[in-house]
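Inspection log for the structure reproduced underneath, given as structure tokens.
Readers should treat all values here as calculations from the given coordinates under stated rules, not as data from a laboratory. From a predicted model like this one, the values you see are computed outputs, not experimental measurements. Glycine gets a Cβ as well: all are built from the backbone with ideal geometry, and neighbour counts include every protein chain shown.
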Amino acid sequence: MTMNHSGIAVTLDGFLYEEAVRGDRCEATARFRLVVSHTDEVVDEMVVVCTATTPALVAAVLHELAPGDQLRITGYLCLPCTPDEPFWLDVTTLEVLWAAPLNRLPCRMRQVTWLWALGTPTAHTAQQMRISPSTVRVHLYQARQRLAADPILTQIAGLTES
């Protein structure tokens, strides 16, 4: 880590916690939260508030990223002026290390897949979503086809027999 007039230069790998939001009314910034952990233990996780200010980064953060994407963020850790304020990371570069495929599914297909993963029976999913059971089965079939490009994910999600 080196000091800079803007803060402490850092590079962090982590996961996008939730959808990014616009940082101000003039739409010149975007804010997002990155979950960072040096271990695989939940107790070691830290959420870092990040701000993007360059037009290219703002557009990428708002329109190209999805929760669950694994990112490498470089920027400057900005320390608060008072104890009541949080610290934040002023992002200068952003690299997608791994895109979360399930988040790339269309909304209805993703909803059906989540309900299936939670063990919800097809009939209940159909009733809850106000679609036919055959439509539920079609959505699951299509999700399997789309996710088949990532065999590790499909095995973890249980979409194929191992």
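Of the residues F32, F15, the one with the fewest other Cβ atoms within 10 Å heads the list, and the complete ranking is F15, F32. Dipole check for the chain: with +1 at the C-beta of Lys and Arg, -1 at the C-beta of Asp and Glu, and the Cα centre as origin, the magnitude is about 940 Debye.
Neighbour counting of Cβ atoms within 10 Å sorts the residues C81, C50, fewest neighbours leading, into C81, C50. Other residues lying with their Cβ under 12 Å from the Cβ of L97 contribute a combined charge of -2, Lys and Arg counting +1, Asp and Glu -1. As a proxy for reagent exposure, V136, V21 were ordered by neighbouring Cβ count within 10 angstrom, fewest first; the result is V21, V136. Think of it as helices only: each DSSP H run of n ≥ 4 in the chain is worth -39500 (n - 2.57), and spread over all residues that comes to -9000 deg cm²/dmol at 222 nm.
Each of V10, W116, C78 was scored by the projection of its Cα onto the charge dipole of the chain, and the greatest displacement toward the positive side belongs to W116; charges sit on the C-beta of Lys, Arg, Asp and Glu.
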